[in-house]
Each structure stands twice: as C-alpha cells, then as structure tokens.
Amino acid sequence: MEWWQVLFGVLIGLVVLMVLIVVHEFGHAIAAIRNGVKVEEFAIGFRPKAWSTKLKRDFILKKGTVFSLNWLPIGGFCAMKGETDDAKAKGGYGAASLWAKTKILLAGVTFNFLLAVVIFTIMSAIGMPKIIDDQFAMPNTKVERSPVLVVALNDDSPAAAAGVSVGDTIVSLNDTSIVEAPDLSGFTKTHGGQEVSLVYQHGEETVSKPVVLNDNPGGAGNIGIAVSNSTTYRSGWSSFIVGPVTTVQFLGLTAQGLWQLLTNLFTGIAGTIAGTDAADNLAMAGDSVAGPVGILGTIFPAAMAGGFTEILLIAGLLSLSFAIMNVLPIPGLDGGRLYLTLFFRFILRKPLKEETEGKINGIGMLILFGLMILITVLDVLRLW
C-alpha cells in the first residue's frame, strides 16, 4: 500500500471517529437540555482551543452555550453544569432527578445506535454487503453476486493441473453452479477422491476440464484453490425496515465479539498471574483488538480499497461498539457512572460524594488509559 493511501485512510478514519464521538456527545447535550440541565460548553476536538464563541440565540443548543473547536481531532465533549452526582446548583446535573440523569447518561449510547441505524439504512438502499449467513432481507431485496474468483492456487493441486490460474473465475463443478465461495468447498468436501468436470473462465475463454479431487481428511483443500466473492443486498423501499433490523443483528454480533474479547482479556490476565493455560487467552485478546493506531493505520486504509460502502460499514460497526462499551459498568464511562450512582443510591443507601466519585472514575480512566497504551503498543508491533 502506498504511503499516500495510508495517509488518506488515516484522515478518513479521524473524520469518522470524530463524527461518532461528536454524535455521542450531542446525545448527552440534547438530553441534558430537555431535562433542564445547563450545557456550559459543547466542543469538537480536545484542547488546546482553536476557536470558540458563545451562542447568541437558541439553535438546538441554548443561548449562552460556549461552542468551541479544538486542535486535537480525536473526539469532543459536552460540559454540563454541576456534573457530579452530589452537586446541588440549580440547573446542574447533580440537582436533576435520577431518571433525568439516567436519560442523560444513556443518550450518547442511544445516539450512537441511531447513527448506526441511519448508516445501515442508507447501505441497505445503495448496497449492503452480506457479512453474516442469516442476514435479514425482504422479499423485494435484489441480490447481486460477484463472480467466484480464484485468489490463491497451490502449484501441485488438481486445479493447477487443469490449467486454472489466479484471477480466473470458477463457473461450475459437474454442472453444479458455483455462485458463492462456500459452494466450492461444500462440493469438493462431498466429492473428495472423485473425478469431476470443472468449468472456469480464463479471460474471454470458457474452459471445461476433468479433474480428480484430492481426498484429504476433513475434505480440506481438495481442489487446491482459495476463492473469494461478495454478495450485495439492495432493498429499495424496504431499506427503512431492513436497516433497523440489520442494525439489531449486527448489535448482537458486536456484543458477542466484545464479550468474548473481554473474557479472553481478563481470563488471560488471571491465567498469566496464576501460570495456567488461560494465559493464552491474553494473546488471543491482543490479536483480536485494535486501538487508534490499528484503526487509523490499518483498518481504514484497507477499507478504502472497498470504497465508500466499506468505510460506511466500518463506521456503523464502530458506532455500535461505542454504544455497547458505554453501557458496560466501566468506571469513567457512561455505564460506569450510571451503575455507580445506582449502587450508592440503592445498595449502600448513602450519597455519592464528589471526592468518592472522582476517585473511582479516575481509577477507572487510568485502567482504561493503561489498556489503551497496551493496545497501542501491540498495534505498533504488528505494523512494525
């Protein structure tokens, strides 16, 4: 990949991450205003400050709110009056009811989810890649499949003996059409050791050759090629149904993935301390997670090869990841703040003092920053 492609991918990634975080913070701001809590500043980016103004009239945000643009393009924030749970100033977060605080804290999560719904609804209209087996589709959905393309070839394989080259298209085996990549592996597994008729497209020429498939244990590699193709759903008017349902499907899969990641991470740390086999889970967690360097340096530059649709897909999945992470009871994040408030309110039955809240959230943020540094180091080592 050329340096300019990496640079452009990083810039695109920064814009996407900025949008996701600003949308999240905008959710907090809207919920705060609707529940009588004053938003003192709404900022895009982090300090140092590049420019700011105090709004002179109501326009979504209230008159008097400071709107600022900052130099570090890595997010944004919504600063509310009296942000600790025990603050009592009128119009502050602390003076709001528990229900109002709950709505304010969960509004960022809600806005990230709604952004994902919008993204996947747009993709359902212009072309949604099929990425899971049972992906939702309506009866009017138009299915478009790319040819099954040979992307790798073993030199001493049955396919190579039949003259297949990388870049050729597999058409059929024994008159069974190969329309998706799994069709090829399914056929070769059930016909291992047999002679079959292979039809493939080589440039403008359609070639038909007999091949004797290997009969490997488990049916792996019986023809000796790796293939790839994509399936796209275009839903037309039903995008307004397909988009939200697909978002819920992806939300479930994203939650499962994050749960598995956290399970591997914590069991891996425990296994490392105890010296058990579970220590291997830490390596699995490291291989499956990407921090800012991985997202900006590898994921988005690679996504550019797939074009606008691929970037939209990653943005939607990241928005769902942000939503899920901020629901978890992690001190310093929205979910952590909410569960901490509920814990003191209903379990300990005593006020959550500003000092206590600050310490707990501070420790949580230190742990998060530590994990982020670890993930960043792993990202750099992978890139190195």
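With the highest mean first, a sort of the peptides 119-127, 137-145, 92-100 on other beta-carbon atoms found within 10 angstrom per residue produces 119-127, 92-100, 137-145.
Residues in the stretch 1-126 average 52 Å² of solvent-accessible surface per residue, probe 1.4 Å, ligands and nucleic acids excluded.
The heavy atoms of Val327 present about 60 square angstrom of accessible area, all protein chains included, probe 1.4 Å.
Measuring nothing but protein heavy atoms, the accessible surface of the stretch 62-175 at 1.4 Å probe radius is 62 percent carbon and sulfur. Here the stretch 136-166 is scanned for amide nitrogen atoms under 19 Å from the site 7 Å beyond the Cα of His202 along Cα-to-Cβ, giving 148-166. Extending 7 Å from Cα along the Cβ direction at Asp86 and again at Trp259 yields two label points whose distance is 3.7 nm. For Thr356 and Ile126, a Förster radius of 56 Å and the Cβ-Cβ distance give a FRET efficiency of 0.65, rounded to the nearest 0.05. Enclosing the Cα atoms of the stretch 1-142 in their convex hull gives a volume equal to 184 cubic angstrom per residue.
Label sites at Leu69 and Arg57, each approximated as a point 7 angstrom past Cα along Cα to Cβ, lie 2.1 nm apart.
Modelled spin-label separation between Trp237 and Phe8, with each label point placed 7 Å from Cα along the Cα-to-Cβ direction: 3.9 nm. When you count the other C-beta atoms within 10 angstrom of each residue and take the mean per peptide, 24-36, 306-318 line up highest first as 24-36, 306-318. Computed log10 I(q)/I(0) for the stretch 315-356 at 0.23, 0.25, 0.28, 0.30 Å⁻¹: -0.73, -0.80, -0.90, -0.97, from the Debye equation with unit scatterers placed on every C-alpha and solvent omitted. Full extension of the chain between Asp133 and Ile347 gives 72.7 nm of extra length, using 0.36 nm per residue less the Cα-Cα distance.
Per residue, the Cα convex hull of the stretch 117-257 amounts to 134 Å³.
Return a whole-number percent for the relative contact order of the stretch 57-155, with Cα pairs under 8 Å and 6 or more residues apart as the contact set. Relative contact order of the stretch 57-155: 9 percent. Scoring 38-45, 256-263, 156-163, 51-58 by mean Cβ neighbours within 10 Å over their residues and listing the highest first yields 38-45, 156-163, 256-263, 51-58. Counting only protein heavy atoms and using a 1.4 Å probe, what share of the accessible area of the stretch 181-265 belongs to carbon plus sulfur, as a whole percent? The value for the stretch 181-265 is 59 percent carbon and sulfur by accessible area. Ordered from largest to smallest accessible area (heavy atoms of protein chains, 1.4 Å probe), the residues Val23, Val164 come out as Val23, Val164.
The values are calculated or read from the model by the stated rules, or taken from the named source; none is laboratory data. Note that the structure is a prediction, hence the values are computed from the model and not measured. Cβ atoms come from the backbone with ideal geometry, glycine included; neighbour counts cover every protein chain shown. Ligands, DNA and RNA are stripped out before the accessible areas are found, and what is left, the full protein with its side chains, is counted by its heavy atoms. Shrake-Rupley method; radii C 1.70, N 1.55, O 1.52, S 1.80 Å.
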